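Only one structure is covered here, and it is reproduced in the block below.
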Amino acid sequence: MQSIKQLELIHAFAQKKMQTDQTGHGFDHILRVVNNARYILKHENQPTNELITLSAAYLHDIADDKLVTDPVKADQQLQTFLATIGFSVDQINEILLITDNLAFSKTLGKKQFVLPLAGQIVQDADRLDAIGAIGITRAIYYGGVYHEKIYDPTIPPRTQLSKTAYRDLTQETIINHFYEKLLKLKALMNTATGKQLAEKRQQFMLAFLSEFKAEWQINQQ
Ligand code: ADP
Ligand code: NI
């Protein structure tokens, strides 16, 4: 099967799986990540497998443990699907190596896993969608779904986060999530293109936080 056709089928598969998400990881997020990945691929000018990169971008959230109750089963379904549309065992392994090791939460409390370049591109593409104006909107949306407080100046952002602590939202505030994760992503970008795109988005988040706190303080007087 031609790779264009395979990508069309992956597009439809990801759309079906992600369209019911209500945590800011819906299919619109997936499409932005695919587009970011295309952009980075084009500007990085390094030999990378485009089919593997874009497939992993489409599929990166499908077996995520915050979104599905049984990630092992979701991974198995994904493998079966990829085999049905003509991917070889090696290609399937390359894609799953990326989708299984991409998440920020998976890097917490562990030695950083070095992703292949295709994975580094998808990781940057995903992280770009977590920062800037869209990142701000997604964090507020996610915080709303999980009933986080907006802000509480008496709760300091957590530093040394384990994965379990990161997913414990009882003490979390939306504003603290910026300090615990979102502001750190710029420095974690893998590619030069990712770093360049992250710069403006970082400035926008910093401006947002400073305006937010200024308004909050007026309300406290
Ligand atoms: P990953 O899949 O890389 O581990 P996360 O699950 O941490 O990513 O986050 C995906 C997106 O969900 C974040 O970029 C952010 O927008 C939102 N999010 C995650 N945790 C929180 C939180 N505690 N408060 C607000 N938003 C969150
Ligand atoms: Ni994602």
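The values are calculated or read from the model by the stated rules, or taken from the named source; none is laboratory data. All values derive from a computational prediction rather than experimental measurement. Positions of Cβ are backbone-derived with ideal geometry, glycine not excepted, and every protein chain shown enters the neighbour counts.
Values as computed for the structure displayed
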| item | result |
| --- | --- |
| Subset tally (residues that are away from ligand 2 (no atom under 11 Å from the Cβ) and outside any helix (DSSP H, G or I)) for the stretch 22-46 | 3 |
| The one condition in (1) under 15 Å from the mean Cα position of the chain (by Cα); (2) away from ligand 2 (no atom under 14 Å from the Cβ) that GLU50 fails to fulfil | (1) |
| Number of positions in the stretch 1-44 that are among the acidic types (Asp, Glu) and free of Cβ contacts under 8 Å to residues at least 24 places away in the same chain | 2 |
| Residue in the stretch 132-144 that is on the phi > 0 side of the Ramachandran plot, at pLDDT below 95 and not aliphatic (A, V, I, L, M) present | no |
| Subset of the stretch 140-183 (residues that are aliphatic (A, V, I, L, M), under 22 Å from LEU128 (Cα atoms) and not in a helix (DSSP H, G or I)) | LEU161 |
| Helices (runs of 4 or more DSSP H) fully within the stretch 63-131 counting 1 or more residues that are buried (at least 16 other Cβ atoms within 10 Å of the Cβ), within 12 Å of the chain's Cα centre (by Cα) and within 16 Å of ligand 2 (Cβ to nearest atom) | 89-101, 104-107, 117-128 |
